[in-house]
Amino acid sequence: MNDSKKYLALWTKNAIFDLEQIAEYIKLDSIPIAKNIFSELREKANTLYYFPNREKIVPELQSIAIVKYRELIHKRWKIIYKIEESKVHILVVVDSSRDLESILFQRLIKKD
């Protein structure tokens, strides 16, 4: 089956804020690296236009039977998103060394 359906990627305000905060933090050490990481994360998220279901369900949520969120990993960052019809909602961008369970609970589970 060749499903080449194109999805619309929508960044939430929180995800945009996350991305900006990551860049701001890295910028303290290196502006060029911060710009590069910012671009890389945006480009990686853009790969979700096609086949967003290819990425795995967020393990921290799957372990408690929540399976509607997926994660795309780039270097040390996780891009958390959910798929609804023909849209990919990018919800969280987080350094994987942070307490992901707390962040996901605050941002995703608490709202549901």
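Points to keep in mind about this one:
- Among the residues making up the range 27-40, those that are under 18 Å from the mean Cα position of the chain (by Cα) and among the hydrophobic types (A, V, I, L, M, F, W, C) are Ala34, Ile37, Phe38.
- Residues in the range 90-107 that are touching a residue at least 24 places away in the same chain (Cβ under 8 Å), surrounded by fewer than 19 Cβ atoms within 10 Å (Cβ to Cβ) and over 23 Å from Asn36 (Cα atoms): Glu101, Arg107.
- Top-ranked residue in the range 41-56 [being within 12 Å of Tyr81 (Cβ to Cβ) and surrounded by 15 or more Cβ atoms within 10 Å (Cβ to Cβ); ranked as nearest to the chain's Cα centre (by Cα)]: Ala45
- Single condition Ala34 does not satisfy, out of (1) within 14 Å of Val94 (Cα to Cα); (2) hydrophobic (A, V, I, L, M, F, W, C); (3) at pLDDT 95 or above: (1)
- Taking (1) assigned to a helix (DSSP H, G or I); (2) exposed (fewer than 15 other Cβ atoms within 10 Å of the Cβ) in turn, Phe38 satisfies each apart from (2).
- Among (1) in contact with a helix residue (DSSP H, G or I) (Cβ under 8 Å, 6 or more places away or on another chain); (2) surrounded by 12 or more Cβ atoms within 10 Å (Cβ to Cβ); (3) farther than 13 Å from Val94 by Cα - the single one Thr12 does not satisfy: (1)
- Filtering the range 38-76 to residues that are free of Cβ contacts under 8 Å to residues at least 24 places away in the same chain and hydrophobic (A, V, I, L, M, F, W, C) leaves Phe38, Ile57, Ile64, Ala65, Val67, Ile73.
- Residue within the range 77-93 that is within 12 Å of the chain's Cα centre (by Cα), closer than 15 Å to Arg107 by Cβ and either in a helix (DSSP H, G or I) or charged (D, E, K, R) (or both) present: yes
- Residues of the range 59-74 satisfying the condition of being charged (D, E, K, R) and either modelled with pLDDT of 95 or more or in a strand (DSSP E or B) (or both): Arg70, Glu71
- Of all residues in the range 58-75, none satisfies the criterion of being surrounded by 12 or more Cβ atoms within 10 Å (Cβ to Cβ) and on the phi > 0 side of the Ramachandran plot.
The values are calculated or read from the model by the stated rules, or taken from the named source; none is laboratory data. As the structure is a computational prediction, the values presented were derived from the model and not from experiment. As a convention, Cβ positions derive from the backbone with ideal geometry for all residues, glycine included, and neighbour counts pool all protein chains shown.
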